[in-house]
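Asker: My questions all concern the structure below.
Only the coordinates and a few stated rules stand behind these numbers; no lab work does. Just so you know, these numbers come straight off a predicted model, no measurement behind them. Cβ: placed from backbone, ideal geometry, glycine included. Neighbour counts: every protein chain shown.
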Amino acid sequence: MTDEFDDDLDFSPAIERAAATSETARRTRVAASKRAATRPTGTAGSKAPKARGRWRRRLASSVILGAALVGSGLGYGLFSSASSADETASSADDIEAGRILFTTSCIACHGANLEGVKNRGPSLIGIGSAATYFQVSTGRMPAMRQEAQIPEKDPKFTDEESRQLAAYVQSNGGGNELPEGNLRDGDVAEGGELFRLNCASCHNFAGKGAPLSAGAYAPAINATDEQIYAVMLSGAQNMPTFSDNQLTPAQKRSIVSYIQSLKASNDPGGAAIGRAGPVPEGLVIFIVGIGGLMGVILWIGAKS
Ligand code: HEC
Ligand code: HEC
C-alpha cells in the first residue's frame, strides 16, 4: 500500500509543501495526524480522496493568493488616493509650517515680514507660490553667496517643505499660484513650435542651455512638470515672465509636454550633436570621413 508507506515515512513531495500556505499546511498536518491515529485499524482506499484533497488544496491556495492580491491592490488604491488628496490642499498647517521654515532659513536675506533686506535679497510680498516652489525645489534658494547667477543645487528642502514655504509666501500678498493636476496633457507639436518661438533663443533648440551675457547662462532644462510651468509663470533672474496673456495655460501645458518628450526620446543614431539638424550632422561626417581618407592617402604616399 503506497499510502501506508507514505505515512510511515511521513513522506510528501517537497514542492507541494513549499507551495502550501500556512493555513493549508496546518490542514495537512491535521489530516496526517488523523490518518496516523486511524492507521492500526487499517484505512484502505484513501487514494481517491487524497488526490482530490491535493487539488482542493491547490485551488484553495490560489484563491487565497488571488484574494490577497486584489485586497492589497484595493487597499493601495484607497490609501494612495486619500494621501494625494490631502497633499494638494494648502491648509493653515502648511502655512504655519512654511512660516517656521522661512524664519530659520530665509529671513536673513528676505526680512522677517518678507519685505526684503537691502543688498541681500528682494521683497517676496506678492511673489506667489509658483516662484517660491521653483526657487526652493530646484535648490536655488536659500542662496549661498552673491554670484552672477544663483545656481541650481541639491535642494535643501523636501518637496513637502518646498510646498509649505510656497504656501507661506502665497499667504503674504498672493501672486502667481503653483498649478495643480496633470500638466503634461498638452499638444507636443504645438509645444515644439511655441518652444522654438519663445524659449530656444536662450535654451537652444533641444533645451540643452546656452551662455548669456555677463556671466549668466540659460541652463539645460532638467526640471519636473511643475517646475517648468512655475518658472514660465514667475520668471527667474535673467529669464523673463510668460504671463497667461502671452502663453495661455493650455499653451504652457503644451510646452511642458514638448520639453518632457524631448527628455524621454533618446538618440538612437548615436551622438546628438546638440540636435542641430541634418546639415551639421553631415558636416561632422564630412570632416571626420574625408579627414580619415586624407590621412590614409598621405600615409600611402609617404610609404611609396
Ligand atoms: C543669502 C541670501 C538669501 C537667502 C538665505 C535666501 N534668498 Fe531668496 N533670493 C536672494 C536673492 C539675492 C534673490 C534675487 C535673485 C535674482 O533674481 O537675481 C532671491 C530671490 C528669491 C525668490 C525669487 C523672487 C522673484 O522676484 O522671483 C524667491 C521666491 C526666494 N528668493 C525665496 C527664498 C526662500 C523661500 C528662501 C528660504 C528658503 C530664500 N529665498 C533664502 C537671496 C537669498
Ligand atoms: C532671455 C532668455 C530666456 C528665455 C527666452 C527663456 N529662458 Fe528659461 N531660463 C533662462 C535663465 C537665465 C534661467 C536660469 C534662471 C535661474 O537660474 O534663476 C532659465 C531657467 C529655466 C528653467 C529651469 C531649468 C532647471 O533645470 O532648473 C526652465 C524649466 C526654463 N528656464 C524654461 C523656459 C521655457 C519653457 C521658456 C519659454 C517659454 C524659457 N525658459 C525662456 C533664460 C531664458
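Asker: Which links in Lys153/Lys208; Lys118/Lys252; Lys153/Lys263 stretch past 24 Å when you go from one Cα to the other?
Answerer: Pairs exceeding 24 Å: Lys118/Lys252.
Asker: What is the packing order of peptides 241-250, 95-104, 157-166, 285-294, taking the mean over residues of other C-beta atoms within 10 Å and listing the highest first? The partial results should precede the final answer.
Answerer: On the way: 241-250: 13.1, 95-104: 16.2, 157-166: 20.7, 285-294: 9.9.
Top to bottom by mean Cβ count within 10 Å: 157-166, 95-104, 241-250, 285-294.
Asker: Quick check: pseudo-label points 7 Å beyond the Cα along Cα→Cβ at Ser171 and Leu298, how many nm apart are they?
Answerer: Using points 7 Å along Cα→Cβ, the separation is 7.2 nm.
Asker: Given a Förster distance of 45 Å, report the FRET efficiency between Ala220 and Ala92 from their Cβ-Cβ distance, rounded to the nearest 0.05. Can you show the working numbers first?
Answerer: Working: r = 38 Å, r/R0 = 0.85.
Efficiency, from the Cβ-Cβ distance: 0.70.
Asker: At 7 Å along Cα-to-Cβ for each site, give me the label-to-label distance between Arg58 and Val288 in nm.
Answerer: Roughly 5.8 nm, to one decimal.
Asker: Hey, can you grab everything whose amide H is under 5 Å from the amide H of Ala210? Only 5+ residues off in sequence or another chain; H modelled, so Pro and N-termini drop out.
Answerer: Ala218
Asker: Next up: If each residue of separation counts as 0.36 nm, what is the full-extension length gain between Ser243 and Val117 once their alpha-carbon separation is subtracted?
Answerer: Residue separation times 0.36 nm, minus the Cα-Cα distance, leaves 42.7 nm.
Asker: Let me ask you something else. Be a star and scan region 97-117 for residues whose amide nitrogen sits under 12 Å from the point 7 Å along the Cα-to-Cβ vector of Lys156.
Answerer: Only 101-110 fall inside the zone, counting backbone N under 12 Å.
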